[in-house]
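The values are calculated or read from the model by the stated rules, or taken from the named source; none is laboratory data. Being a predicted model, the structure only gives us computed values, none of them experimental. Ideal geometry is used to build each Cβ from the backbone, glycine not excepted, and the neighbour counts take in all protein chains shown.
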């Protein structure tokens, strides 16, 4: 069977699996729909959280990003895992004890304010939509490249699948399909990684292969890559080119942003007990870490393979994968010096006589993971498997995000603000309608992506870091924090972060260089500063306004202690 | 809303102490070894591997440490909950 036949077969089998799981686990009550009846075992929740969290960006783009950024790529590795420590230690157990269904529920109750709740709803919807558009785009790319259907059809098929299990199954359906999707995506990620590690270093564990010696030269792989980089005029792979402060700020913004993302937080509402919330954050990080510690190895293997395969090779003799990706415009070659060879070089490259050499090859970073098995000449079924894994990653994250949008509309806005008297059955109908509406809108955004999806994702993290994270932390750890402080903090954090990102990305992109940045911190890392501003403003404003009412003090006392988290103490829906 | 269960004083303080210690380690392995001191640590290598120490912390070690931290916290808190009689049924 060829690559396309394998891809069709594997994608069809996995889709059938997801639909089967969804039918088996559909939701009957709002409690099922929003939080899977709070009956998800911690290990399963950990797996579902891992699939929920690892998006098309983690699966498809991250290793490629690291391959191109070298050490600087560490911001994603530490940033997207370190947030789980914050979640497990500072957020998950307390939010589980609080009970209820959504992040705006907590913000609204803790700060006894509909305004705070509405601010939280708007943030949750904005963050989730920006994210979900990227997922749908990922689905479209995989379909168009491997199944050779137009991107629009790819998105439409992806929408149909998500529609089916998110609308029917709610959180319960999503949780168990995410468990299946995790298994598919991790298998699809590890198989080529292990193949590559054996081929290049002889060690079947990619995490160790990364530190191992290259089988051909006997040199350490990382040293060899640093050497190749120097020769070709790139910055050394194991050093970075970003400033230390910027690396610090980006890592911090991603960590804190992770801990503030509503679709991740909401997963910790689904387990039976507080102690389950703590341990399921650990399981989630374990399942995530399997991929995240493999990614830097995949990056190094891919980078080495790429340099060996294309550098100074005649364009006439490029392998088949090169031409296929060229057809999708994700690889472009321009023979500047007319020698028919591919010069793939960095900014400081010079030839033997000391003349600068121009780079002739541009490669989209997103294709590294997808092209990797072909570059290494792995069997066709591995290529098909990677396509199915990319789809699993994109669909599982999309479903989790759509649920946040749906619950924000039906639960937080409709029941929480506009129609408090709505019946259980009515709310469930509205939850399904808003999930359906969200799927269709996400699909539209996937087909007609706003031209700024990449920056918008940084925006989502910055926003989550500057808004939700401080508001929730202060709500748990400071009894004195009141409505005025929290709202002022959230608004100043969001306004500062949004203004900085909008200024440098849209209003004055020409000025978007390190010299003009505040303390040399890039828009990607500014959410960290926004978070600090939020904390400071909230502290000052709360000290100079009235203390929160007494029942809020009791609420804070209650969430700090695990005992009594059972259904008896829950506020009924 | 039910009134909060009466808990012997010390439970919350012990929790905060654990958080302080564990989050200091969290900061040290990632922001410390992986970022602030990465250049200095890159002068050293793990023997028998190609890993420079700073680079390894940034791309591998910090993640392993995060995992250990969470599971240590889970154990500590489960013990503390039992000590103070606030564990769930």
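Overview of results
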item	result
Helices (runs of 4 or more DSSP H) wholly inside region A:133-225 that include at least 2 residues being surrounded by fewer than 19 Cβ atoms within 10 Å (Cβ to Cβ)	A:151-162, A:168-201
Test: residue in region A:507-522 that is under 12 Å from residue A:539 (Cα atoms) and over 27 Å from the mean Cα position of the chain (by Cα)	no
Some residue of region B:78-86 being on the phi > 0 side of the Ramachandran plot and facing chain A (nearest Cβ under 9 Å)	yes
Residues (within 23 Å of the chain's Cα centre (by Cα) and part of a helix (DSSP H, G or I)) located in region A:226-244	none
All positions within region A:337-370 that are without any contact (Cβ under 8 Å) to a residue 60 or more places away in the chain, within 30 Å of residue A:7 (Cβ to Cβ) and not in a loop (DSSP other than H, G, I, E, B)	A:361, A:362, A:363
Among (1) assigned to a helix (DSSP H, G or I); (2) under 30 Å from residue A:109 (Cα atoms) - the single one residue A:391 does not satisfy	(2)
Candidate set: region A:23-49, residues that are buried (at least 22 other Cβ atoms within 10 Å of the Cβ) and not in a helix (DSSP H, G or I); chosen: the one modelled with the highest pLDDT	A:40
Test for residue A:86: is it touching a residue at least 12 places away in the same chain (Cβ under 8 Å) and either under 22 Å from residue A:401 (Cα atoms) or away from every other protein chain (no Cβ under 13 Å) (or both)	yes
Within region B:52-68, considering residues that are at the interface with another protein chain (Cβ under 7 Å from one of its Cβ atoms) and in contact with a helix residue (DSSP H, G or I) (Cβ under 7 Å, 6 or more places away or on another chain), the one nearest to residue A:80 (Cα to Cα)	B:63
Number of the exception - residue B:43 against (1) within 9 Å of another protein chain (Cβ to nearest Cβ); (2) over 13 Å from the mean Cα position of the chain (by Cα)	(1)
Qualifying positions in region A:423-442 - more than 17 Å from residue A:32 (Cβ to Cβ) and either modelled with pLDDT under 85 or in contact with a strand residue (DSSP E or B) (Cβ under 8 Å, 6 or more places away or on another chain) (or both)	A:442
Residue A:20 being outside any loop (DSSP other than H, G, I, E, B), under 23 Å from residue A:185 (Cα atoms) and free of Cβ contacts under 8 Å to residues at least 12 places away in the same chain	yes
Verdict on residue A:487 being within 14 Å of another protein chain (Cβ to nearest Cβ), surrounded by 14 or more Cβ atoms within 10 Å (Cβ to Cβ) and over 23 Å from the mean Cα position of the chain (by Cα)	no
Residue B:48 over 28 Å from residue A:563 (Cα atoms), at the interface with chain A (Cβ under 9 Å from one of its Cβ atoms) and either in contact with a strand residue (DSSP E or B) (Cβ under 9 Å, 6 or more places away or on another chain) or not in a helix (DSSP H, G or I) (or both)	yes
Single condition residue B:33 does not satisfy, out of (1) surrounded by 15 or more Cβ atoms within 10 Å (Cβ to Cβ); (2) more than 18 Å from residue A:222 (Cβ to Cβ); (3) more than 7 Å from chain A (Cβ to nearest Cβ)	(2)
Neighbours by Cβ (under 6 Å, 6+ apart or cross-chain): first from region B:10-33, within 19 Å of residue B:76 (Cα to Cα); second in a helix (DSSP H, G or I)	B:14/B:80; B:18/B:76; B:19/A:89; B:22/B:69; B:22/B:73; B:26/A:85; B:26/B:69
Among (1) within 14 Å of chain B (Cβ to nearest Cβ); (2) in a loop (DSSP other than H, G, I, E, B); (3) under 28 Å from the mean Cα position of the chain (by Cα), the one test that residue A:528 misses	(2)
Evaluation of residue B:7 against (1) touching a residue at least 24 places away in the same chain (Cβ under 8 Å); (2) buried (at least 16 other Cβ atoms within 10 Å of the Cβ) (one fails), failing number	(2)
Matching entry among A:320, A:326, A:312 (being in contact (Cβ under 8 Å) with a residue 40 or more places away in the chain, out of contact with any helix residue (DSSP H, G or I) (no Cβ under 6 Å at 6 or more places or on another chain) and away from chain B (no Cβ under 14 Å))	A:320
From the options A:277, A:289, A:295, residue that is part of a helix (DSSP H, G or I), at the interface with another protein chain (Cβ under 9 Å from one of its Cβ atoms) and buried (at least 24 other Cβ atoms within 10 Å of the Cβ)	A:295
Test result for residue A:358, within 24 Å of residue A:214 (Cα to Cα) and surrounded by fewer than 13 Cβ atoms within 10 Å (Cβ to Cβ)	no
Subset tally (residues that are free of Cβ contacts under 8 Å to residues at least 60 places away in the same chain and under 30 Å from residue B:14 (Cβ atoms)) for region B:42-82	21
Residues that are surrounded by fewer than 23 Cβ atoms within 10 Å (Cβ to Cβ) and over 21 Å from residue B:23 (Cβ atoms), drawn from region B:42-74	B:42, B:43, B:44, B:45, B:46, B:47, B:48, B:49, B:53
